[in-house]
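Notes follow once the structure below has been shown.
All of the numbers you see were taken from the coordinates with simple rules; none came from a lab. On a predicted model such as this, the values are computed, not experimentally measured, just so you know. When we count neighbours, we look across all protein chains shown, and the Cβ atoms used for this are built from the backbone with ideal geometry, even at glycine.
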Amino acid sequence: MKSLSEEIIKSSKGNCDIIDITDDVIGILKRFKIKNGLCTVFSIGSTAGITTIEYEPGLLRDIPKLMDKLIPSAVRYHHDDTWGDGNGHSHLRSALFKTSLSVPVVNGDLTLGTWQQIVLIDFDNRNRTRRIVVQVMGE
């Protein structure tokens, strides 16, 4: 079994910016030539999330609306008192979505559904350059 890692760098606008990184992850998997194993996608930082969605315009609008209902950005959080950066909501949203995702690799392909894409969601309150680690383990 071997384990290989590579980083993806993405610029984001923050505020629930949703970026499809599926093709980036597939490109890394193909370069590594792993046939069967596990692919983990991990966002470095505590104000973004990694998940799968159907990357379509309706959901790109629905997810930010859902986050505003569940964890509003206009509320004062204790984190904001600690650091004064106004992004307490970003940390809570990231904790809800999680910062990593693992996808089985079978016969050299990610086992994603037809309408299932891997996305980075940046919850921070400002533009960011995001680092995402893709690690593939298998044979």
Site Lys35, offset 7 angstrom along Cα→Cβ, radius 18 Å on amide nitrogen, limited to segment 119-139, gives 136-139
Sorted by average packing, counted as other Cβ atoms within 10 angstrom per residue and highest first, what order do 65-71, 17-23 take? 17-23, 65-71
So what is the relative contact order of segment 2-138, in percent, for Cα pairs below 8 Å that sit 6 or more residues apart? 54 percent
Go through segment 21-62 and name the trypsin sites (Lys or Arg not before Pro) that are in a DSSP coil and have 13 or fewer other Cβ atoms within 10 Å of their Cβ. Lys33, Lys35
On a 0 to 90 degree scale, rounded to 10, what angle separates helix 57-70 from the longest Cα axis of the chain? 50 degrees
Tell me the mean residue ellipticity at 222 nm calculated for the chain from its helices only (DSSP H runs of n ≥ 4, each -39500 (n - 2.57), averaged over every residue, nearest 500). -8500 deg cm²/dmol
Surrounding charge for Arg128, neighbours by C-beta under 11 angstrom, Lys/Arg +1, Asp/Glu -1, total +2
Just list whichever of Lys10/Lys98; Lys13/Lys35; Lys30/Lys65; Lys13/Lys33 have alpha carbons separated by over 27 Å in the model shown. Lys13/Lys35; Lys30/Lys65; Lys13/Lys33
To test your reading of the geometry: what angle, between 0 and 90 degrees and rounded to tens, separates the Cα axis of helix 88-97 from the longest principal axis of the chain? 30 degrees
What net charge do the residues around Leu70 carry, taking every other residue with its C-beta under 14 Å from that of Leu70, with Lys and Arg at +1 and Asp and Glu at -1? +1
Could you work out how far helix 22-32 tilts from the main Cα principal axis of the chain, as a 0 to 90 degree angle to the nearest 10? 40 degrees
